[in-house]
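Okay, structure first, notes after.
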Amino acid sequence: MVSTWIRVLIVASGILVFATVCSTTAQQPKDKDKAKAKIEVGEGSFEFAPDAKRPRNQLKVWTYHPKNFGSNSPIVFVMHGVKRDGKGYRDSWIPYSQKDGFLLVVPEFPEDEYPGEAYQQGNIRDRAGKPLPPEQWTFTALEKLFDHVKTLTGSKAEKYHLYGHSAGGQFVHRFVLFMPEARYARAIAANPG
């Protein structure tokens with residue numbers, strides 16, 4: 001009788017220890033991710049899924065965090081051209097970011113997930129020409145990314161600056177027209193031909 005209770009106690013203790021270890025192990029990656037969840041000083045990049053319904057549609061986001069960036073410093077988004085070379089755009093803007101102390105953010109929209117109508121035209125219509133609801137527009141990715149970047153940096157910025165070149169200029173031009181409530185302070189569409 002006593003040995004049966006001892007066995008039950010040992011099994012119950014083992015289950016409790018196993019459940020505790022599994023619970024702690026399951027929480028460790030989340031804690032580790034939180035510790036890593038920031039944009040480090042210097043050149044960097046991270047993956048971002050702007051649409052929770054399509055988590056595989058990841059953007060590679062190239063960043064430069066200058067040493068003189070503070071919580072009240074500006075945030076500048078640069079939209080790449082048709083070659084989808086976000087890293088190249090980031091690299092060419094680094095000297096300006098260093099000089100003026102703004103956080104540089106260059107989202108790269110992969111062509112296979114965001115072809116012309118989904119990138120420079122903002123995905124406002126489907127391929128048959130029918131209007132899509134605003135929550136499916138590519139333009140909304142910028143607003144979501146702005147919130148994410150603010151969280152990663154502790155920024156208190158209420159608005160961001162936006163620059164687009166070539167296909168990125170087309171994106172910015174349409175973004176301003178179709179997203180008047182967006183939180184940009186200035187938008188420049190360069191060579192949107």
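Points worth noting:
- Ranking by accessible area, most exposed first, for 166, 97 with a 1.4 Å probe: 166, 97
- Computed with a 1.4 Å probe on the full set of protein chains, the accessible area for residue 76 sits at about 20 Å².
- Accessible area (Å², per residue) of the range 127-169, counting only protein heavy atoms and a probe of 1.4 Å: 49
- Note on residue 56 and residue 156: with the Förster distance fixed at 35 Å, the Cβ-Cβ geometry gives a FRET efficiency of about 0.60.
- Accessible surface for residue 111 stands near 110 Å², nearest 10, in the context of the full protein assembly shown (1.4 Å probe).
- Largest accessible area first, the listed residues 56, 174, 84, 90 line up as 56, 174, 84, 90 when surface is computed with a 1.4 Å probe on the assembled protein chains.
- Sequence-distant aspartates and glutamates (8 or more away, or on other chains) whose Cα lies within less than 18 Å of residue 159: 100, 143, 147, 181
- Normalised contact order of the range 92-170, rounded percent, pairs of Cα under 8 Å and 6 or more residues apart: 19
- At full extension, residue 71 and residue 98 could sit 8.2 nm farther apart than now, given 0.36 nm per residue minus the alpha carbon distance.
- Rounded to the nearest 10 square angstrom, residue 188 shows an accessible area of 90 square angstrom against a 1.4 Å probe.
- Percent accessible area from carbon and sulfur atoms, the range 42-118, protein chains only, probe 1.4 Å: 50
- Projected label distance in nm at residue 113 and residue 91, using a 7 Å step from Cα toward the beta-carbon: 2.3
- For residue 83, the aspartates and glutamates whose Cα comes closer than 13 Å to its Cα, not counting residues fewer than 8 places off in the same chain, are 108, 111, 112.
The values are calculated or read from the model by the stated rules, or taken from the named source; none is laboratory data. Everything quoted here is computed from the prediction, not taken from an experiment. Don't worry about glycine lacking a Cβ; one is built from the backbone with ideal geometry, like all the others, and counts go over all protein chains shown. Accessible surface is based on the protein model in full, side chains and every heavy atom, while ligands, DNA and RNA are left aside. Shrake-Rupley method; radii C 1.70, N 1.55, O 1.52, S 1.80 Å.
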